[in-house]
Amino acid sequence: MIYVCLMNRMLLLICTIFISSALLGQTKKDTTLPDGRKARFQIEVVPCDCDSLKHDSLSISLSNCFDTNSYLVIQPSILDVADSICYEMGVPPELVYEIGMNESRWQNINDMDYVIKDGDLQVIDRTFNHFYKKLGLVGGKTRRNYLIIGIYYLKQNYDQFGSWEKARYAYGRGRWKPSSEWTALERKFMTKIDWTKYDK
């Protein structure tokens, strides 16, 4: 009788461990919200507060000693990611948004896997490869890496020239030239921005 009871308790413990392990192994599942945003359905298995004086390890059951909590984690849009990088590097997020509107128009902002050639901020291969190595990035030409490098390069230009207007021009042309020497194309993308918002 004692042997049967012990075997039953051992079986219950093994089932508890197996089920909780299975739940933990499936903690993340992608889904898409009606507005097109990506989200992740996450399940957490949390041990309850069991009184060790009343329960030994063999008497723990899944129903009274584990809680499962589930919730949706909204994945950030590419604009949220850009803002976060800007704040970290000390770059005006609104300026990066304006540059991105000119360069790519921020297509498919809710899809982090979407990558157009040269990224949202149009970073050429030579610039990407240089800063990818310098910053120790991994993962290749991802949307996030293109953003990190573009924003870092813009900040580096600002540190060199002391002006966001000059930094933007150098970002697009590789060096600064006074407005009297701008081409029609350069004048077009530079005059889209109100520089008094950034260079005060």
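All of the numbers you see were taken from the coordinates with simple rules; none came from a lab. The model shown is predicted, which means the values in this text are computed figures rather than measured ones. So basically every Cβ, Gly included, is an ideal-geometry build from the backbone, and we count neighbours across all protein chains shown.
Going 7 Å from the Cα of Lys188 along its beta-carbon direction, which residues of segment 95-116 have the amide nitrogen within less than 19 Å of the resulting point? Output list for this probe position: 98-106. Answer rounded, prolate or oblate for segment 76-120, using the Cα gyration tensor with square roots of eigenvalues a ≥ b ≥ c: rounded when a/c is under 1.5, else prolate when a/b is larger than b/c, else oblate. Here segment 76-120 falls in the oblate category.
Ranked by the mean number of other Cβ atoms within 10 Å per residue, highest first, peptides 79-89, 145-155 order as 145-155, 79-89. In segment 148-194, inverting the average of 1/r over every pair of distinct C-alpha atoms gives 10.8 Å as the Kirkwood radius. Fully extending the segment from Asn69 to Lys177 would add 33.1 nm, taking 0.36 nm per residue of separation and subtracting the current Cα-Cα distance.
One chain, two ends: Arg37 and Phe161. Fully extended at 0.36 nm per residue, the span grows by 40.8 nm beyond their Cα-Cα distance. All C-alpha to C-alpha distances of segment 97-153, sorted into 5 Å bins beginning at zero, yield P(r) values of 4, 22, 34, 24, 13, 4 percent in whole numbers. State which entries of Lys38/Lys155; Lys38/Lys197; Lys38/Lys192; Lys134/Lys155 exceed 26 angstrom in Cα-Cα distance in the structure shown. Table pairs above 26 Å Cα-Cα are Lys38/Lys155; Lys38/Lys197; Lys38/Lys192.
Computed over Cα pairs, the Kirkwood radius of segment 78-197 leads via Stokes-Einstein (1.002 mPa s, 20 °C) to a diffusion coefficient of 147 µm² per second. Full extension of the chain between Glu44 and Thr196 yields a length gain of 49.8 nm, computed as 0.36 nm times the residue separation minus the alpha carbon distance.
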